[in-house]
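The next block holds one structure in the form of structure tokens; read it before the comments.
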Amino acid sequence: MRSANIGPVTYAQLIARFGTAEAALDALPMLAARGGGRAPVIADPGAVRREIAAVERLGARYLFLEDADYPP
């Protein structure tokens, strides 16, 4: 899923601070306001569903930071 200005480092920091992706997403507007900026634009749900479907069609899988297979 693609969200502008939220790369792997920012993602890891948000999860470490807020515990879950849902809690991190909920906190983004507050964090942006405190930093004097605008909250990042979260990926379009339709685009997310299409990406998931494409991954499934290809027989691929996502590899997340917390997965045992994720490289060190």
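The values are calculated or read from the model by the stated rules, or taken from the named source; none is laboratory data. Keep in mind the model is a prediction, meaning the values are calculated, not measured. In case anyone asks, the SASA skips ligands and DNA or RNA and just uses the protein heavy atoms, side chains included. Shrake-Rupley method; radii C 1.70, N 1.55, O 1.52, S 1.80 Å.
Between residue 67 and residue 51, what is 0.36 nm times their sequence separation minus the Cα-Cα distance? Round to one decimal in nm.
So the extension gain works out to 3.8 nm.
In the chain, carbon and sulfur make up what percent of the accessible area (probe 1.4 Å)?
Accessible surface attributable to carbon and sulfur in the chain totals 59 percent.
Report, to one decimal in Å, the Kirkwood hydrodynamic radius for the chain based on all distinct Cα pairs.
Radius from the Kirkwood sum: 13.8 Å.
Can you bin the range 32-72 into rounded, prolate or oblate? Criterion: square roots of the alpha carbon gyration tensor eigenvalues sorted a ≥ b ≥ c, rounded for a/c under 1.5, prolate for a/b above b/c, oblate for the rest.
oblate
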